[in-house]
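Comments concern the structure below.
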Number of protein chains: 2
Amino acid sequence: MKRNTWQREAVREALDATEGFISAQALHSTLHASGSPIGLATVYRALGDLATSGEADSLQSPDGESLYRACTTTGHHHHLICRNCGLTVEIAADEVESWAKRVAARNGFTQAAHVVDVFGLCENCTRLAAGE
Amino acid sequence: MKRNTWQREAVREALDATEGFISAQALHSTLHASGSPIGLATVYRALGDLATSGEADSLQSPDGESLYRACTTTGHHHHLICRNCGLTVEIAADEVESWAKRVAARNGFTQAAHVVDVFGLCENCTRLAAGE
DNA sequence: ACGCTTATTGATAATGATTGTCAAAACCAG
DNA sequence: CTGGTTTTGACAATCATTATCAATAAGCGT
């Protein structure tokens, strides 16, 4: 059975309160900083569970860390991420969903999961970069 | 200055000879198996260089490893990767290209790069998994 | 061909994120 | 409250990758 513990709540809340993606380590630090004695391993477990149950998104940063983010929408979706400031926009992509399925099927693949993320410079950072 | 060493050549060749993506560790093992005394650190360095110079593609596997692959096509393309045996199919995706551009533009993003990879089980591994 | 300067190598230590372990504590149904 | 399990958390273990640094070897000028 799945139990409700304050730890899991704490992780969920901390994640909700976070803008953009955050690493498990960083989230653990944040929690500690606000006085929670939660253990690191527990944060990993909680994040893993949230990701599995679809309540959180996860992706790999270019340097190999796993980053997590609270899902605002319930469905499956992808991200548009500013590589400079970390701003994240959730994007629905039915178009891509069906494409991925089609391509997988055409090649005999099953259980297709996909990683579709767009990195770029957001409007703001574009301006900054231009003026620099 | 950039020097030419047999080690770098060896890595390039081993990568060329490999179907699909391979991890640095695996490539090192392969090289060792074929009698090369090349060091692990050197394989990492060589792969990093190849990736930087655009002679190789790199991506992160879902479990955090960095995978490398010699570029066969010069153009931009994506991958369909078997998560069990590593079989890789290169897929062109004009559809996705234009989608990514459109989405980025609509949100004010510039310099959009994207990561679009589909992981699944290839025909073969699907059969194996089913019979298991 | 020779030596010299300096990039490169490679064995190993260090790092850093993540996962495994397992006894103690917490949860929830009855 | 009590019993049966799940969950926690401190810490060890793992695993990929990076840093260290003395020894080696590339490629230049001669």
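The values are calculated or read from the model by the stated rules, or taken from the named source; none is laboratory data. All values reported here derive from a predicted model rather than from experimental measurement. Note that we place each Cβ from the backbone using ideal geometry, even for glycine, and neighbour counts take in every protein chain shown. When the accessible area is computed, the model is the full protein with side chains, heavy atoms only, and any ligands, DNA or RNA have been set aside. Shrake-Rupley method; radii C 1.70, N 1.55, O 1.52, S 1.80 Å.
Summary of values
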| read-out | value |
| --- | --- |
| Positions within region B:21-43 being open to solvent by 60 Å² or more (accessible area, probe 1.4 Å), more than 26 Å from residue B:79 (Cβ to Cβ) and in a helix (DSSP H, G or I), in sequence order | B:32 |
| Flag for residue B:53 being open to solvent by 60 Å² or more (accessible area, probe 1.4 Å), modelled with pLDDT of 80 or more and of a type in the set (Gly, Ala, Ser) | yes |
| Number of the condition not met by residue B:81 [criteria: (1) outside any strand (DSSP E or B); (2) more than 16 Å from DNA strand C (Cβ to nearest atom); (3) surrounded by 20 or more Cβ atoms within 10 Å (Cβ to Cβ)] | (1) |
| Residue within region A:105-113 that is at pLDDT 85 or above and among the basic types (Lys, Arg) present | yes |
| Residue match in region A:44-61 (condition: over 14 Å from the mean Cα position of the chain (by Cα) and not in a loop (DSSP other than H, G, I, E, B)) | yes |
| Test: residue A:49 is more than 14 Å from chain B (Cβ to nearest Cβ) and within 12 Å of DNA strand D (Cβ to nearest atom) | yes |
| Pairs where the first residue, in region A:18-38, is on the phi > 0 side of the Ramachandran plot and the second is surrounded by fewer than 16 Cβ atoms within 10 Å (Cβ to Cβ), C-beta under 8 Å, 6+ apart | A:20/A:86 |
| Some residue of region B:60-72 being open to solvent by less than 80 Å² (accessible area, probe 1.4 Å), at pLDDT below 75 and over 17 Å from residue A:104 (Cβ atoms) | yes |
| Of all residues making up region A:2-15, the number that are within 7 Å of DNA strand C (Cβ to nearest atom) and either touching a residue at least 60 places away in the same chain (Cβ under 8 Å) or not aromatic (Phe, Trp, Tyr) (or both) | 3 |
| Flag for residue B:18 being more than 8 Å from DNA strand C (Cβ to nearest atom), in a loop (DSSP other than H, G, I, E, B) and surrounded by 11 or more Cβ atoms within 10 Å (Cβ to Cβ) | yes |
